[in-house]
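K.L.:
Below are the structure tokens for one structure; questions will follow.
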Amino acid sequence: MYDLKALYQAGTVAEAVALRLAHPEAHIIAGGSDVLVQMREGKRAGVELISIQGLDELRGVSMEADGTLRIGSLTSFSHITRDPLIRKHLNVLGEAVDQVGGPQIRNIGTIGGNTCNGVTSADSASTLFAYDAIVELTGPDGVRRQPIGEFYIKAGKVDLREGEIQTAILIPKDSYERTFGHYIKYAMRNAMDIATLGTSVNVRLSADKKTVERARVAFGVAGPVPLRAETAEQAAAGQPVSLQLAETFAQAVKADINPRDSWRAAKDFRMHIAVESAKRAFLESVKLAGGVL
Amino acid sequence: MENHVIQYQTVHFNLNGKDTERTVDVRASLTDMLREDYRMTSVKKGCEVGECGACTVLIDGKAFNSCIYLAVWAEGKNIRTLEGLLGPNGELSDIQQAFVDEAAIQCGFCTPGFVLTAVEILESGQEYTDEELRKLLSGHLCRCTGYENILRAVKTTMYRRLGKPMPAE
């Protein structure tokens, strides 16, 4: 038995919004792999829950008319990894969420929950930052879209307003087209572990594959919320593909990241693996894009 | 005084091939309901926070930790537990027999969960490398066997079902 005070189950997005307004103190539960665990730990003991688990309309990946990739907020990690649109256009996201927890967690955990809990270590978040994802929120006044960087307010806190639920994550076409990316999760174990550092890089090369048109890098656990390292991105933009560029790019991430000491790892160690992971993920992305080093 | 009303809800689902319904306390996990209302004691309470995999069941063919799944979410689902693998006279299924043959069991607490994840793997009809199998099985903890025999039990059954010889190790 879970120590919950009341359970309200939404059958539609409109019902979920109505329940949110009627029970502003209630916590939203999607897959439950964070919420139920925290209830067991006593952190959310005695709370009211609004379950959105039954909202099948929020499951699945589709492409909108303008080429925007739309990932319903309740799409599970294993669904994302298997999805043909993700595999074709945004394989790095499937690769990243395939490193969350273990297989059973990936069957229940959702991308909406992974972003709404506001934690910096979320395996999906760095890739979503690196692709300028847009968060779609539905509330009493309709739908609102917000860049993911603004959605995160501080550790554990996202901009989910009165009556709202997150309904989708959108990746614009001009963000993902012709890009290739790679995600590196640094953790102590291969399964059932939280990232010590998560690094997501993607590159877009020129037609002759000799120049980096655009490079993106974002980290989880390099600050209180996921973040982009724009100094590194600017250092690589327009530069010829080379091993030296990978080094320059990787060193430049230090200007933007701000990891902390925690029991998982020391700040200095995180700085070190951030540089090394950025370099490796950059080289792998360039290779996937057909670049020759 | 806390205004606390105990809520019950009736859940309709299919358990091991039979349609069923139960009125459950909304606070129950799926593990609670399967063990206490249905006596499906193969569903083990291990960590109860989704880390050890001992409570794994198949929901619509996929492995889930039933300890972090609300019982009321079972509405309309097809749920399978280890009990559903047995033949009409209690015969073991091929994967269960393989666990016995490979000595993939010591205390047995993790076994039902491992077997159900193995069923999901086997029913995919795909051939996996050892590395892939290890990853697919990584949501379970076993403190006795060291995993090698479990991996071998799944692998031998996979090749048997695929009708292919097992590659030499």
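K.L.:
Of the residues that sit in the range A:281-293 and are more than 20 Å from the chain's Cα centre (by Cα) and not in a loop (DSSP other than H, G, I, E, B), which one is farthest from A:R178 (Cα to Cα)?
P.N.:
The extreme case among them is A:L283.
K.L.:
Do you know which of the residues in the range A:1-50 that are surrounded by fewer than 14 Cβ atoms within 10 Å (Cβ to Cβ) and free of Cβ contacts under 8 Å to residues at least 40 places away in the same chain is nearest to the other protein chains (Cβ to nearest Cβ)?
P.N.:
My answer is A:M1.
K.L.:
Quick check on my filter: what residues within the range A:13-41 are part of a strand (DSSP E or B) and either touching a Ser or Thr at 6+ places or on another chain (Cβ under 6 Å) or farther than 17 Å from A:A168 by Cβ (or both)?
P.N.:
Listed by number, the residues that qualify are A:H27, A:I29.
K.L.:
While we're on this one: What are the residues in the range A:42-56 that are at pLDDT 95 or above, charged (D, E, K, R) and not in a strand (DSSP E or B), if any?
P.N.:
Across the range A:42-56, the qualifying residue is only A:D56.
Yes or no, residue by residue, for (1) small (G, A, S); (2) out of contact with any Pro (no Cβ under 8 Å at 6 or more places or on another chain); (3) surrounded by 17 or more Cβ atoms within 10 Å (Cβ to Cβ):
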position: A:A207; (1), (2), (3): yes, yes, no
position: A:F219; (1), (2), (3): no, no, yes
position: A:A235; (1), (2), (3): yes, yes, yes
position: A:D261; (1), (2), (3): no, yes, no
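K.L.:
Condition first: away from chain B (no Cβ under 11 Å) and assigned to a helix (DSSP H, G or I). Now tell me which residues in the range A:89-110 satisfy that.
P.N.:
Scanning the range A:89-110 gives A:H89, A:N91, A:V92, A:L93, A:G94, A:E95, A:A96, A:V97.
K.L.:
Can you give me the number of residues within the range A:141-152 that are farther than 18 Å from A:I111 by Cα and either in contact (Cβ under 8 Å) with a residue 24 or more places away in the chain or surrounded by 19 or more Cβ atoms within 10 Å (Cβ to Cβ) (or both)?
P.N.:
Result for the range A:141-152: 1.
K.L.:
Which one is nearest to A:G109 (Cα to Cα) among residues in the range B:46-68 that are assigned to a loop (DSSP other than H, G, I, E, B) and out of contact with any helix residue (DSSP H, G or I) (no Cβ under 6 Å at 6 or more places or on another chain)?
P.N.:
Filtering first and then ranking leaves B:E51.
K.L.:
I'm trying to understand the selection: among the residues of the range B:125-152, which are out of contact with any Leu (no Cβ under 8 Å at 6 or more places or on another chain), surrounded by 12 or more Cβ atoms within 10 Å (Cβ to Cβ) and either facing chain A (nearest Cβ under 10 Å) or in a loop (DSSP other than H, G, I, E, B) (or both)?
P.N.:
B:K135, B:L136, B:S138, B:G139, B:H140, B:L141, B:C142, B:C144, B:T145 - these are the residues of the range B:125-152 that are out of contact with any Leu (no Cβ under 8 Å at 6 or more places or on another chain), surrounded by 12 or more Cβ atoms within 10 Å (Cβ to Cβ) and either facing chain A (nearest Cβ under 10 Å) or in a loop (DSSP other than H, G, I, E, B) (or both).
K.L.:
Please pick out the residue among A:T231, A:T199, A:T179, A:T211 that is at pLDDT 95 or above and under 21 Å from A:V100 (Cα atoms).
P.N.:
The unique qualifying residue is A:T199.
K.L.:
Does A:A252 fit the bill of being crowded, with 24+ Cβ neighbours inside 10 Å and over 14 Å from the mean Cα position of the chain (by Cα)?
P.N.:
Taking the combined requirement at face value, the residue does not satisfy it.
K.L.:
Return a yes/no flag: does the range A:139-147 have any residue that is more than 20 Å from A:L58 (Cβ to Cβ) and part of a loop (DSSP other than H, G, I, E, B).
P.N.:
No, that holds for no residue.
K.L.:
What are the residues in the range B:18-63 that are without any contact (Cβ under 8 Å) to a residue 40 or more places away in the chain and hydroxyl-bearing (S, T, Y), if any?
P.N.:
Matches in the range B:18-63: B:T20, B:T23, B:T31, B:Y38, B:T41.
K.L.:
(1) over 30 Å from B:L133 (Cα atoms); (2) touching a Leu at 6+ places or on another chain (Cβ under 8 Å); (3) free of Cβ contacts under 8 Å to residues at least 60 places away in the same chain: which one isn't true of A:E162, the others all being true?
P.N.:
Unmet condition: (3).
The values are calculated or read from the model by the stated rules, or taken from the named source; none is laboratory data. Keep in mind it's a predicted model, so treat the numbers as computed, not measured. Don't worry about glycine lacking a Cβ; one is built from the backbone with ideal geometry, like all the others, and counts go over all protein chains shown.
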